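A short write-up of the structure that comes next.
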Amino acid sequence: MNKQGRTHHIRNRIIAVILILAAAFCFGFIQWNSRIHYYSDEHTTGNTSANLLNGGLFAESGDTIYFANPYDQNSLYSMDKKLSHVKKLHDDYTSYINAAGRYIFYTRRNDKKGNDAQALFSFSTTGLYRINNNGQGLKQLYREPSQSLSLLGNHIFYQHYDRKLGLQLFRIGIDGKKDTMLLKEGASPVIANDTIYYTGLDSDHSIHSISTDGGSARVIYEGNFTGLSYVDGFLYCMDMDNDYTLCRFDLSSGEMTHLTQVRVATYNVSRDGATVYYQIDNSEDNGLYALDTGSGAQTQLRSGNFNYLHIIDHYLFFESFDGSTAYVMNLSNEQIEEFHPKTSK
């Protein structure tokens, strides 16, 4: 073999080695990217219980807000905390968003998309899903209709649907394995301090608790309550025996306090528990209000009928009751503007 031939042969071998190494790298990256990345902190959560009470349409992780866009059939979007750099991540009709690290978990309800043929003929119109925070790697964890879900560590606690028994409370791993029934009632889970709190549905509407493995069931406060959430050592709820007035239960002292004397349709609570935002629904004073839990002072923010109250960072997001308009309020100055997310080009 002459010198030119040897040079050509060596060059071909080098190219072949480079191609093999590149293929091996690509294969390894795909394998690494597709494997489950478990949370090292078993107390990792994906949203606040008060946001989930309002449908879980907004969640945050790091510097990113994930939300169901009300102007695009609740499709999954992301944006930064300046409400800019808006991106569409997936077409699914999304609710009960939980976001932490590289993953977003949510319930799919594409049956609500009406005449969207692509949605209706997807491999499942409903279910519990996991997706990477870049909108890739969609994984079905459960295919039947579901509602509220809550992330804790490497488990999802969710409402599982049985065609004969209806909704039940289940726990499933974030890898989609070890799907286990915790409670025969279809309770909406409120998780704090390794405990699940819920209001009864079948035999009573008292406030109950169970451990995250389904044990140690007990009634912690008897009554007729709904709309449960947890913030900073307190359980918040609405008292159905007292015309849906807003209450707060101190888990340390066992004391129940009524915060309002008016009928409340929905509410959310600031992270420090200092302020409660709520919709009054008594046909006379309907509107969005703020309550200072220390002084008891109540302020009307806007008259009318609103729902889906979500607190993210220093914002309160909400919608008009008819769903025609979305709003955002800066919590620092209580300035309200219409919320119109526009995707980045």
#### Entry: Computed label-point distance, nm, for sites residue 314 and residue 87 using a 7 Å Cα→Cβ extension
2.5
### Debye intensity ratio I(q)/I(0), log10, the stretch 215-345, q values 0.17 Å⁻¹ (C-alpha model)
-0.91
### Message
I want the antiparallel fraction of DSSP beta bridges within the stretch 143-230, as a percent rounded to 5.
### Response
95
### J(HN,Hα) series, the stretch 235-241, from Karplus relation 6.51 cos²θ - 1.76 cosθ + 1.60, nearest Hz, glycine and proline x
9, 9, 6, 10, 8, 5, 6
### Query
In percent, how large is the relative contact order of the chain, given Cα pairs closer than 8 Å and 6 or more residues apart?
10
### Query
Pairs 112/342; 112/178; 112/164; 81/342; 88/139; 81/112: which are spaced more than 26 Å apart, C-alpha to C-alpha?
112/178; 81/112
### residue 263 long-range amide H proximity, modeled H, under 5 Å
281
### Query
Length gain on complete extension for the stretch residue 226 to residue 154, per 0.36 nm per residue less the alpha carbon to alpha carbon distance?
23.2 nm
### Task
Work out how far the C-alpha atoms of the stretch 163-235 reach from end to end along every principal axis, then list the three figures in whole Å, largest first.
35, 31, 21
### Query
Against the longest alpha carbon principal axis of the chain, how many degrees, from 0 to 90 and to the nearest 10, is the axis of helix 3-34 turned?
20
### Task
Pop the C-beta distance of residue 42 and residue 138 into the FRET formula with R0 = 35 Å and round what comes out to the nearest 0.05.
0.90
### Query
For residue 44, which sequence-distant residues (separation of 5 or more, or a different chain) have an amide H within less than 5 Å of its own amide H, given hydrogens modelled in the peptide plane?
153
### Summary
Matching label for the computed semi-axes √(5λ) of the Cα gyration tensor in Å, out of [x] 44, 24, 19; [y] 33, 21, 20; [z] 40, 27, 19, is [x]
### Message
Per residue of the stretch 188-196, what does 6.51 cos²θ - 1.76 cosθ + 1.60 with θ = phi - 60° give for ³J(HN,Hα)? Whole Hz please, x for Gly and Pro, Karplus curve as stated.
### Response
8, x, 10, 10, 7, 6, 6, 10, 9
## Note on the structure
Given unit charges at Cβ for Lys, Arg (+) and Asp, Glu (-), the dipole magnitude of the chain about its Cα centre in debye, nearest 20, is 2820
### Query
Under a 5 Å amide H to amide H cut-off, with H placed in plane at 1.01 Å, what residues pair with residue 325 once short-range neighbours are removed?
320
### Query
Excluding ligands, DNA and RNA, what is the solvent-accessible area per residue of the chain at a probe of 1.4 Å, expressed in Å²?
50
### For the chain, with +1 on Lys and Arg beta carbons and -1 on Asp and Glu, the positive-most of 176, 188, 264 along the dipole
176
### Message
If you take every residue apart from residue 77 with its C-beta less than 12 Å away from the C-beta of residue 77, what net charge results, scoring Lys and Arg +1 and Asp and Glu -1?
### Response
-1
### Query
Once the principal axes of the Cα atoms of the stretch 306-345 are found, what is the range along each, listed largest first in whole angstroms?
29, 27, 15
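The values are calculated or read from the model by the stated rules, or taken from the named source; none is laboratory data. As the structure is a computational prediction, the values presented were derived from the model and not from experiment. Here Cβ is always computed from backbone atoms with ideal geometry, including for glycine, and neighbour counts include all displayed protein chains. Surface accessibility is based on the protein's heavy atoms, side chains included, excluding ligands, DNA and RNA. Shrake-Rupley method; radii C 1.70, N 1.55, O 1.52, S 1.80 Å.
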